[in-house]
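The values are calculated or read from the model by the stated rules, or taken from the named source; none is laboratory data. These numbers were taken from a predicted model, which means no experiment stands behind them. Positions of Cβ are generated from backbone atoms using ideal geometry, with glycine treated the same way; all protein chains shown enter the neighbour counts.
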Amino acid sequence: MNWRDHLQARLLEIQPDSVCALDAAAHELAREVLHDTPLHIADNSSPAQPCALALGVDVLNGLDAQQARHLISRVRLYVAPRLLLAALPSCALDDAAFRALGFTLSTTGPAEGPRIYHYDIETYKTVPDWLNSRFWAHPERWEP
């Protein structure tokens with residue numbers, strides 16, 4: 001399965017209510033795969049409308065690491081709680097940088113093909129076991 005087929009499968013699996021395409025290639029892919037889903041295009045001139053998923057295919061091409069991190073942060077904060085990004089091997093961000101931003105590697109293709117990264121605020125951080133009421137203090141049980 002090549003990276004494009006994997007991206008299409010992920011879109012069909014997620015079935016978002018709305019998609020924000022971050023570039024022209026992402027817009028074309030989303031239009032092909034998700035026929036009845038509202039599709040919005042993000043541009044730099046105006047803030048994008050909030051969506052369920054942001055999709056980027058070529059959006060990171062040509063950006064340095066700082067610009068890429070800024071774009072990802074802005075999209076996560078203002079556009080969508082979920083992101084699917086394709087990153088070419090020439091991308092300024094490596095696997096460790098994507099992990100530091102909360103992404104998981106969805107697939108790797110051939111060495112010359114892009115890697116697919118996924119971010120979802122719902123699964124970004126699992127709740128640790130100690131963070132529940134079982135381990136909290138119970139003042140009513142204290143005896144003076």
- Query: Could you give every pair whose Cβ atoms fall below 6 Å, whose first residue belongs to region 1-29 and is within 21 Å of residue 88 (Cβ to Cβ) and without any contact (Cβ under 8 Å) to a residue 60 or more places away in the chain, and whose second residue is assigned to a helix (DSSP H, G or I) and not β-branched (Val, Ile, Thr), counting only separations of at least 6 or pairs across chains?
  - Reply: 21/27; 21/30
- Task: Kindly establish whether residue 116 is assigned to a strand (DSSP E or B) and at pLDDT 90 or above.
- Result: yes
- Exception for residue 110 within (1) in contact with a Lys or Arg (Cβ under 7 Å, 6 or more places away or on another chain); (2) at pLDDT below 90 falls at (1)
